[in-house]
Amino acid sequence: MTPAAREEKPVTGSLSVPDKARHSRILGLGVYRPERVVSSAELAPRLGLDEAWILKRSGVRNRRFASPEETLAMMAEAAAGKALAAAGVTAWDVGCVIVATTSHLTQMPSLASQVGHVLGAGRAAAFDILAACAGFPYAVALASDMVRSGTAGHVLAIGAERMTDIVEPTDAGTAFLFADGAGAVVVGPSDTPGIGPVAWGSDGSRADAVGMTGYWDPVLREDASLPWPRLSMQGWRVYRWATTELAPVARQAIDAAGLTPSDIDVFLPHQANMLIIDALAGQIGFGEGVIVARDIQNSGNTSSASIPLALDHLLATGQVKSGMTALAIGFGSGVVYAAQVIEIP
Amino acid sequence: MSAFTPEDLKTIMLRTADEDTASDLDGDFLGRPFADLDFDSLAVLEIATSIQERYHLVIPDQAIAEMTTPRDVVDYVNGQLRESA
């Protein structure tokens, strides 16, 4: 448009938005753990590893592997259904469904749209996000901002993974670590703050720490002998990054919530590896009584599902209770990371 | 600064190894792959981290990735010490 034309067209109105800013909180949690428990004793021989080495280097004693019937959608729906029930919110009242997943093996449609449909969230927007093992705090951050701004009344934030679909079962570097499961929360409006500001970021220069061995290239269709893309990880690179870069991110999230590390009751790190969990827990400066989630012992690394699964375990075993203040931090392939303080539902 | 000797590395490696995996580092261990000596990738990282602290070096990930034998470590560290001398 030329300047002259712009002068000729009168201004007919100005955009306005309703001012709905409010607080948000997690109203309910639900998880799904696959039926089949696989012990490190069972896995070690076929990977050429010692069970003792697996325990020492990862902390994983048992993990759950999904059966063919326990599809990604089935697990996500089960977890989300429980979260809705716990929150006392109907699916019809959900304004948006977000699924964080790294193992949804199709480009479209999104898993979120299918989960929303099955649950009866007929009015909900729906989309998936890919933030690997940081997926859950990413989804909670988006959900919280949607609720606070009025974009959505209630948001389902789900982390769901069938890591066994993308892990090479004979890879001694990853096959004992990763596992399957799903966790979900309902985020909704609150009179008081229940989800703190997110501290997040990414560093694409560290892409080779953990990723896939290749692309779903059309050449795979033509040559059946070519290997499918699989998860590939240089665990020591992840360990080095996590134990040198993430404690400041955690403290940033705590500070943004107006708290100090000693105010945190519960530490909910992504269940990547026990060595990383222990190192981070020691670095952040928590008080002596802080409760540290160590669900990796019995669930393995379930990527974007690990934080809600770990929280569920702490609640189910009575180690934590509703109203406590927790710090969640996720980190993974990208690399990407996100941390926020949450009030336990 | 003086050179980084195989004995210096051996001291660090023995401190890194725990009782379960304490390796036989007698004889010529320098050319043997870390994996054969029961040092996994996290143990190599631990060795590199100890060297960083003691010798005030910054060892990038890629350099650690290329440390497949003790000799690689000795050569790398001496190269860095010469550069910073």
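The values are calculated or read from the model by the stated rules, or taken from the named source; none is laboratory data. Since the structure is predicted, the reported quantities are computational estimates derived from the model, not experimental observations. Cβ coordinates were reconstructed from backbone atoms using ideal geometry, including for glycine residues, and neighbour counts include every protein chain displayed. Side chains included, ligands, DNA and RNA excluded: accessible areas come from the protein's heavy atoms. Shrake-Rupley method; radii C 1.70, N 1.55, O 1.52, S 1.80 Å.
Shielding value for B:64-72 is 1, the average number of Cβ atoms from other chains within 10 Å of each residue's Cβ. Less than 5 angstrom separates the built amide H of residue A:292 from those of A:267, all sequence-distant by 5 or more or on a different chain. The length gained by stretching the chain between residue A:123 and residue A:56 to full extension, at 0.36 nm per residue less their Cα-Cα distance, is 19.3 nm. Solvent-free Debye calculation, one equal scatterer per alpha-carbon of region A:247-345: log10 I(q)/I(0) at 0.13, 0.14, 0.20 Å⁻¹ equals -0.38, -0.45, -0.97.
Highest mean first, how do B:67-75, A:56-64 rank when packing is the count of other Cβ atoms within 10 Å averaged over residues?
A:56-64, B:67-75
Across bins of 10 angstrom width beginning at 0, how are the C-alpha pair distances of region A:80-206 distributed, in whole percent? Calculated over all Cα pairs of region A:80-206, the distribution is 13, 40, 32, 12, 2, 0 percent. The calculated FRET efficiency for residue A:288 paired with residue A:8, based on their beta-carbon distance and R0 = 60 Å, is about 0.25.
Backbone geometry of region B:65-77 corresponds, through the Karplus equation with coefficients 6.51, -1.76 and 1.60 at θ = phi - 60°, to 3J(HN,Hα) couplings of 4, 8, 8, 9, 10, x, 4, 4, 5, 4, 4, 4, 5 Hz, x marking Gly and Pro. Can you compute the FRET efficiency between residue A:221 and residue A:16 using 1/(1 + (r/R0)^6), with r the Cβ-Cβ distance and R0 = 56 Å? Round to the nearest 0.05. For residue A:221 and residue A:16, the calculated efficiency is 0.60. For the protein assembly as shown, the carbon plus sulfur part of the accessible surface works out to 52%, probe radius 1.4 Å. The mean accessible area for residues of the protein assembly as shown, using a 1.4 Å probe and ignoring ligands and nucleic acids, is 46 Å² per residue.
Suppose accessible area is computed on protein heavy atoms with a 1.4 Å probe; arrange B:14, A:280 from highest to lowest.
Solvent-accessible surface, decreasing: B:14, A:280.
Here the Karplus relation 6.51 cos²θ - 1.76 cosθ + 1.60, evaluated at θ = phi - 60°, turns the backbone of region A:208-225 into coupling constants of 6, 5, 7, x, 10, 6, x, 9, 7, 6, x, 4, 4, 5, 7, 10, 5, 7 Hz, with x for every Gly and Pro.
Heavy-atom accessible surface, probe 1.4 Å, ligands and DNA/RNA ignored: which residues of region A:33-76 lose at least 30 Å² versus the isolated chain? Listed by number, the residues meeting the 30 Å² cut-off are A:56, A:57. Peptide B:39-49 has a mean of 3 when you count, residue by residue, the C-beta atoms of other protein chains within 10 Å of its C-beta. With the convex hull constructed from alpha-carbon coordinates only, region A:38-114 shows a mean projected area of 7.5 nm² over all directions.
Sorted by mean Cβ packing within 10 Å, highest first, what order do the peptides A:204-214, A:239-249, B:24-34 take?
Peptide ranking by packing, descending: A:239-249, A:204-214, B:24-34.
In the protein assembly as shown, the C-alpha radius of gyration followed by the widest Cα-Cα span (Dmax) gives 24.3, 91 angstrom.
Could you state the angle between the C-alpha long axis of helix A:135-149 and the longest principal axis of the C-alpha atoms of chain A, as a value from 0 to 90 degrees rounded to the nearest 10? Relative to chain A, helix A:135-149 is tipped by roughly 20 degrees.
Database remark: amide H of residue A:334 closer than 5 angstrom to the amide H of A:210 (H placed geometrically; neighbours at sequence offset of 5 or more, or on other chains; Pro and chain starts carry no H). Mean projection of the Cα convex hull over all viewing directions, computed for chain B: 5.1 nm². Dividing the helix sum by the residues of chain B, where each DSSP H run of 4 or more adds -39500 (n - 2.57), gives a mean residue ellipticity at 222 nm of -16500 deg cm²/dmol. Mind checking the angle between helix A:72-87 and chain A's longest principal axis? C-alpha axes, 0 to 90 degrees, to the nearest 10. Between helix and principal axis, roughly 60 degrees. Backbone phi angles across region B:36-50, fed through the Karplus curve with coefficients 6.51, -1.76 and 1.60 (θ = phi - 60°), yield HN-Hα couplings of 5, 8, 6, 10, 7, 5, 5, 5, 5, 4, 4, 4, 4, 5, 4 Hz in residue order; Gly and Pro are listed as x.
Given a Förster distance of 22 Å, report the FRET efficiency between residue A:105 and residue A:35 from their Cβ-Cβ distance, rounded to the nearest 0.05.
0.55
Let me know the charge dipole size of region A:1-113 about its Cα centre in debye, to the nearest 20, where only the beta-carbon of Lys, Arg (+1) and Asp, Glu (-1) is charged.
Using Cβ point charges on Lys, Arg, Asp and Glu, region A:1-113 gives about 400 debye.
Backbone amide hydrogens, once placed in the peptide plane, bring residue A:27 within less than 5 Å of A:186, A:187, A:188, excluding anything fewer than 5 places away on its chain. The overall shape of region A:148-244, judged from the alpha-carbon gyration tensor, is prolate: a/c is not under 1.5, and a/b is greater than b/c. Per residue, chain A reaches -9500 deg cm²/dmol at 222 nm when only DSSP H runs of four or more residues are counted, each adding -39500 (n - 2.57).
Taking the square roots of 5 times each eigenvalue of the Cα gyration tensor of region A:178-331, largest first, gives ellipsoid semi-axes of 32, 18, 16 Å.
Note on region A:223-345: antiparallel DSSP beta bridges, both residues inside, total approximately 55 percent of the bridges counted.
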